[in-house]
Amino acid sequence: MKIGDVAERTGVATRMIRYYESQGLLEPTRGTNGYRVYDEADVDRVRRIRNHVTAGVPTRLIRAVLDMEKPTWTRECTAELAQMLGKELAALDERIACLSASRETLRGFLAGAVVPADA
């Protein structure tokens with residue numbers, strides 16, 4: 001399938017899909033005409049990349065995370081990667097705590113709000 005088909009199925013802009021490729025996150029095959037050719041595995045990978053990006057994981061770590069999902073991954077982790085992942089996990093926990101606090105604040109506002117009947 002073509003890049004436009006992947007974009008439509010995943011909700012990810014073609015420009016971002018090309019960016020994922022430039023970052024080494026995605027490796028579509030090339031047809032004889034030089035066009036990118038995607039398959040179902042690529043569609044799934046683009047979705048997983050998008051989910052990580054949406055969660056705030058930097059692309060440099062997404063590649064490491066996706067590599068760990070491969071069946072050939074051995075569970076061994078370099079000290080540098082472990083440190084990067086630890087820092088990212090701490091940052092994610094901090095963002096989750098902040099978002100949770102914001103959610104509770106909004107809930108409190110809505111619980112006490114008077115909404116006009118015609119709104």
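When Arg48 is tested against (1) part of a loop (DSSP other than H, G, I, E, B); (2) within 25 Å of Thr10 (Cα to Cα), exactly one condition is not met: (1).
Restricting to region 11-35, count the residues that are within 17 Å of Arg50 (Cβ to Cβ) and either in contact (Cβ under 8 Å) with a residue 12 or more places away in the chain or assigned to a helix (DSSP H, G or I) (or both).
Count: 16.
With respect to (1) surrounded by 12 or more Cβ atoms within 10 Å (Cβ to Cβ); (2) modelled with pLDDT of 80 or more, the lone exception for Arg103 is condition (1). Looking only at residues of region 51-78 that are among the hydrophobic types (A, V, I, L, M, F, W, C) and more than 13 Å from Tyr20 (Cα to Cα), we find that the one that is modelled with the lowest pLDDT is Trp73.
Screening Gly56 against (1) outside any loop (DSSP other than H, G, I, E, B); (2) among the small types (Gly, Ala, Ser); (3) surrounded by 10 or more Cβ atoms within 10 Å (Cβ to Cβ) leaves a single unmet condition, (1).
Residue under question is Arg15, and the condition is that it be open to solvent by 70 Å² or more (accessible area, probe 1.4 Å), within 26 Å of Met84 (Cα to Cα), of a type in the set (D, E, K, R) and outside the structural domain of Ala90 (by TED's automatic domain parsing); does it hold?
Values: open to solvent by 70 Å² or more (accessible area, probe 1.4 Å): yes; within 26 Å of Met84 (Cα to Cα): no; of a type in the set (D, E, K, R): yes; outside the structural domain of Ala90 (by TED's automatic domain parsing): yes.
When the stated conditions are applied, Arg15 does not pass them.
Determine, yes or no, whether Val114 is outside any helix (DSSP H, G or I) and open to solvent by 100 Å² or more (accessible area, probe 1.4 Å). Judged against the criteria, Val114 is a match. Criterion first (loosely packed, with under 12 Cβ neighbours inside 10 Å and either among the β-branched types (Val, Ile, Thr) or modelled with pLDDT of 90 or more (or both)) does Ala82 satisfy it? No; evaluated as a whole, the condition is false for this residue. Among the criteria (1) among the basic types (Lys, Arg); (2) farther than 30 Å from Met1 by Cβ; (3) surrounded by 14 or more Cβ atoms within 10 Å (Cβ to Cβ), the one Arg48 does not fulfil is (2).
Residues of region 37-62 that are within 12 Å of the chain's Cα centre (by Cα) and β-branched (Val, Ile, Thr): Val46, Ile49, Val53, Thr54, Val57, Thr59, Ile62.
The values are calculated or read from the model by the stated rules, or taken from the named source; none is laboratory data. What you see is a predicted model, and the numbers here were worked out from it, not measured in a lab. Methodologically, a virtual Cβ is constructed for each residue, glycine included, from the backbone with ideal geometry; neighbour enumeration extends over all protein chains shown. For the accessible areas, the whole protein counts, side chains as well, though only heavy atoms, and no ligand, DNA or RNA atoms are used. Shrake-Rupley method; radii C 1.70, N 1.55, O 1.52, S 1.80 Å.
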